[in-house]
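Taking it in order: structure first as structure tokens, then the write-up.
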Amino acid sequence: MEKDTKYTASNITVLEGLSAVRKRPSMYIGSTNLQGLHHLVYEVVDNSIDESMAGYCSKITVQLHLDNSITVSDNGRGIPVDIHPKEKRPAVEVVMTVLHAGGKFDKDTYKVSGGLHGVGVSVVNALSSNLEVIIKRDGKRYFQRYERGIPVTELKEIGESKSTGTIIRFHPDEEIFESVEFNPNTLKKRFDELAYLNSSIEIEFIDDLNNAVHTFKHEGGIVSFIKDLNASEQTIGQIISGSSEANSIITDFALQYNTTYKENVLTFVNNICTHEGGSHLVGFRTALTRAINTYAQNSDMAKKIKVKISGDDVREGLTAVISLKHPNPQFEGQTKTKLGNSEVSGIVTASVYETLTRFFEENPKDARAIIEKIVDTARAREAARKAKELVRRKGALFDFSLPGKLADCQAKKPEESELFIVEGDSAGGSAKQGRNPKYQAILPLRGKILNVEKTRMDKILSNKEIQALITAMGVGTGDEDVDLNRLRYHKVIIMTDADVDGSHIRTLLLTFFFRKFRSLIDNGFVYIGQPPLYRIHKAGFEKYIHDADEMDNFLLDKTSAQFSLQGEQEDRIENSRLLTLLKNVKSIHSAASESRNLGLTTELFFRLVAYRIRLDEDLRDINLPAFQEYMKLHGFFVDLTHETSEIETVAFMRFTHENGYFLKLKGEFFKSKNYVKSFDLMSKVIEEYGTSFFKVFKGAEQVAEMDLFEIYGYLLGETQKMFNIQRYKGLGEMNPEQLWATTMNPEARTLLQVGVEDAGEADQIFSRLMGDNVEQRRLFIEKNALFVDQLDI
């Protein structure tokens, strides 16, 4: 083949305006998954935070709408609207459509800024299907609309205003993002952080998806942050905090020790969480270790300290927040996860060391308690080191013998080998008999393993069950002593019963891997086996079902073969047509369940999507008498109202049922995914069959007459009566053949790979569920009790 060697100017592509952002979005926001989606919100909010740090903004309001759009409003100065001298168009349009345009490069406008790359809001605009901006300044209100980064209206004056500020509403582009559904908990966590880091700001989060309003304001700043982070822990000494400024760099930090065995240090630069640390974290750690060692050596405790204190010892049980304000930070990448400024390390070290030294001199009681905690840690570390050496020596003495309870596999290649960790001898016996011994190993655990969240390493290594597991994996003894090249199995599969005890054992094992063998999770070696929840059988027929959704699909399939429906036409709806119809109804039921947070009952949801006319957001074109008459037939009385604010006019519907039920529903609901999708599905049904009311037949006999609101539950219930359904709780209830066929056979089984999506959230969950604080655990259970799917009593 001849190669085309021409490479001329015609081969060079120039992407105009924001085209580059839409072509390669990950270059600007890190990814197009949920992390990148939420990054859009952070970029807009950070602009308002910059106004606050400059002294012009005291409140930010963020509203998550039912259609998954976001509104961010502040009471800052408002983006300038006058004509830009170079671009010859309004400054706000330049900010919204030009990369590297904004006030962040002018040190007189923003001395310190989070969005220093200057691409923030223009990138949000480029990656939104539509964006609207309202600016309040100079006694007037201005409006402009964009679609995918392109202005579709001129900047126009729309009224007067007694206040100042900027309001931006945007809808992420479904063509760009894998999902445009925001996680309110992720947003709340970020807003809470911002309120701690900026004690003068109040952030109000209006969560329309869950019909909730959250206000974040922490006047105590990062000292309050530490207090709340340690709220569930037994603390040692008081909170130590300090603030200093050098070379225009402001260093704020706060720390406190607790009795746990983990380190929890959060670092921020210009309000941006630097998950990977950087030079400010290095400087902090250096100062902390030096200050504690210096004080310990110069105190009367020096003679009693017979172990060397290391940096790891100093950080055990430490909770700290470091917040840096830097006029010219150098981040690694647009997502800003690591600080690279080399000069920062020395500045932070000097500030922290001076503050700690002064605190120890003025508070000898607290200093002594901290030193004693650290010395205990050093001694425990030495004991753990000796225990690890003992484990290694035993391995050498016994020729690396594997635990006796392990039924090893024949394969020697790790990539071909699997280790099943099973619960108890009964399940272990079934698994050993049912496995493929060529590449599947079985390790039964007796009882519940040690909770590593509340135990030091030396005690962990003395536990027989954990010893067996560590020896079987062959990867090392945990923490820093992990060599993945020695891992004997590339699939480590947790396989426990589907009851409360099984869930507890699975959680203990996940805690063990997350805390001591995190690299196995990060490299995708840890899995959870999925044994079936149900066995369905009847006269020679047998099927295993793994979850409730699969059960519904099975029952729907059998229903379509046993029943038929008849609408206004004479022909029967049966077999594949009935199955399609019922799956559509199932989707509507699912959407109704997701809308319960708004206060919508399933019945009201069905009535709204079954109305022949699709309702719009502002409800101005609705034939209200006709709609009221329709709803009255089903027991609902309806009233319509519009509420006007300086920003917008919002439509509301008020529903009152004859049984006393009341709901005030935003018109915005009619733009939500749940309503639009369900309305379209219901419209197709009504268009095809002429009605939503059907006669139900079993064979030739008519057995019922009802609408789709009732049909789904009725038919599934009737079909369920035709089978014997056994719910499994233990693996031991299955014989070896059943266990192989359902859970261990690679051709048929389902495995869940364990991964870490949010390390910080995972850390807090493990601390809450597995730590010493019983009150925190009780609150978690109370909060999540209503979401339990399978309750084992």
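The values are calculated or read from the model by the stated rules, or taken from the named source; none is laboratory data. Predicted, not measured: the structure shown is a model, and the values here were computed from it. Here the Cβ positions follow ideal geometry from the backbone for every residue, glycine too, while neighbour counts run over all protein chains shown.
Is it true that some residue in the stretch 525-534 is of a type in the set (V, I, T), assigned by TED's automatic domain parsing to the domain that holds Q702 and buried (at least 19 other Cβ atoms within 10 Å of the Cβ)? No, the stretch 525-534 contains no residue that is of a type in the set (V, I, T), assigned by TED's automatic domain parsing to the domain that holds Q702 and buried (at least 19 other Cβ atoms within 10 Å of the Cβ). Against the condition assigned to a strand (DSSP E or B), under 15 Å from L708 (Cα atoms) and not assigned by TED's automatic domain parsing to the domain that holds K448, how does L578 come out, does it pass? Against the criterion (assigned to a strand (DSSP E or B), under 15 Å from L708 (Cα atoms) and not assigned by TED's automatic domain parsing to the domain that holds K448), L578 does not qualify.
Filtering the stretch 699-738 to residues that are modelled with pLDDT of 90 or more and among the hydroxyl-bearing types (S, T, Y) leaves Y714, T719. Within the stretch 270-309, the residues that satisfy the criterion of being free of Cβ contacts under 8 Å to residues at least 40 places away in the same chain and either under 29 Å from the mean Cα position of the chain (by Cα) or surrounded by 17 or more Cβ atoms within 10 Å (Cβ to Cβ) (or both) are R285, T289, N293.
Screening A472 on (1) assigned to a helix (DSSP H, G or I); (2) over 19 Å from G424 (Cβ atoms); (3) more than 25 Å from the chain's Cα centre (by Cα) shows it passes everything except condition (2).
From the list Q702, Q738, the one residue that fits, being among the polar types (S, T, N, Q) and either in the same structural domain as P437 (by TED's automatic domain parsing) or without any contact (Cβ under 8 Å) to a residue 60 or more places away in the chain (or both), is Q702.
From the list E603, E629, pick out the single residue that is part of a helix (DSSP H, G or I) and loosely packed, with under 15 Cβ neighbours inside 10 Å. Among E603, E629, only E629 is part of a helix (DSSP H, G or I) and loosely packed, with under 15 Cβ neighbours inside 10 Å.
Comparison of I226, I236 shows that the only residue that is assigned to a strand (DSSP E or B) and modelled with pLDDT of 90 or more is I236.
Take D50 and tell me if it is farther than 20 Å from V269 by Cα and acidic (D, E). So D50 does not fit the description; no. Contact annotation: residue pairs with Cβ atoms under 7 Å, 6 or more positions apart or on different chains, pairing a residue in the stretch 206-220 that is at negative phi with a partner that is assigned to a loop (DSSP other than H, G, I, E, B), are D208/H65; D208/L66; L209/L66; H218/S199; E219/S199; G220/S199.
Output yes when any residue across the stretch 500-517 is surrounded by fewer than 20 Cβ atoms within 10 Å (Cβ to Cβ), over 27 Å from R777 (Cβ atoms) and free of Cβ contacts under 8 Å to residues at least 12 places away in the same chain, and no when none is. Checked the stretch 500-517: no residue is surrounded by fewer than 20 Cβ atoms within 10 Å (Cβ to Cβ), over 27 Å from R777 (Cβ atoms) and free of Cβ contacts under 8 Å to residues at least 12 places away in the same chain. A441 meets the stated requirement of being over 30 Å from the mean Cα position of the chain (by Cα), crowded, with 16+ Cβ neighbours inside 10 Å and closer than 23 Å to E733 by Cβ.
Before we move on, is F205 in contact with a strand residue (DSSP E or B) (Cβ under 9 Å, 6 or more places away or on another chain), closer than 21 Å to E761 by Cα, in the same structural domain as Y42 (by TED's automatic domain parsing) and at pLDDT 95 or above? For F205, the condition - in contact with a strand residue (DSSP E or B) (Cβ under 9 Å, 6 or more places away or on another chain), closer than 21 Å to E761 by Cα, in the same structural domain as Y42 (by TED's automatic domain parsing) and at pLDDT 95 or above - is met. Among the candidates G428, G478, G447, G434, the residue that is crowded, with 20+ Cβ neighbours inside 10 Å and under 33 Å from the mean Cα position of the chain (by Cα) is uniquely G478.
Condition check for K684 on (1) within 29 Å of V180 (Cβ to Cβ); (2) among the charged types (D, E, K, R); (3) under 33 Å from the mean Cα position of the chain (by Cα): one failure, at (3).
In the condition set (1) touching a strand residue (DSSP E or B) at 6+ places or on another chain (Cβ under 8 Å); (2) farther than 23 Å from T251 by Cβ; (3) charged (D, E, K, R), R315 is compliant with all but (2). Pairs linking a residue in the stretch 248-267 that is in a loop (DSSP other than H, G, I, E, B) to a residue that is basic (K, R), with Cβ atoms under 7 Å and 6 or more positions apart or on different chains, are Y261/R456; E263/R315.
Residues in the stretch 482-501 that are touching a helix residue (DSSP H, G or I) at 6+ places or on another chain (Cβ under 8 Å) and part of a helix (DSSP H, G or I): 1 in all.
When the stretch 190-216 is filtered for residues that are within 22 Å of I322 (Cβ to Cβ) and surrounded by fewer than 17 Cβ atoms within 10 Å (Cβ to Cβ), the ones remaining, listed by number, are S199, S200.
Annotation note: of D621, D616, the sole residue that is modelled with pLDDT under 90, more than 38 Å from the chain's Cα centre (by Cα) and outside any helix (DSSP H, G or I) is D621. A residue that is of a type outside the set (K, R), closer than 30 Å to K217 by Cα, modelled with pLDDT under 80 and assigned to a loop (DSSP other than H, G, I, E, B) occurs somewhere in the stretch 21-37.
All of (1) modelled with pLDDT of 85 or more; (2) outside any helix (DSSP H, G or I); (3) not polar (S, T, N, Q) hold for I309 with one exception: (1). For the stretch 355-467, the helices (runs of 4 or more DSSP H) that sit wholly inside it and include 2 or more residues that are at pLDDT 85 or above, over 30 Å from S503 (Cβ atoms) and of a type in the set (A, V, I, L, M, F, W, C) are 364-397. Of the residues making up the stretch 637-663, those that are surrounded by 13 or more Cβ atoms within 10 Å (Cβ to Cβ) and under 33 Å from the mean Cα position of the chain (by Cα) number 7.
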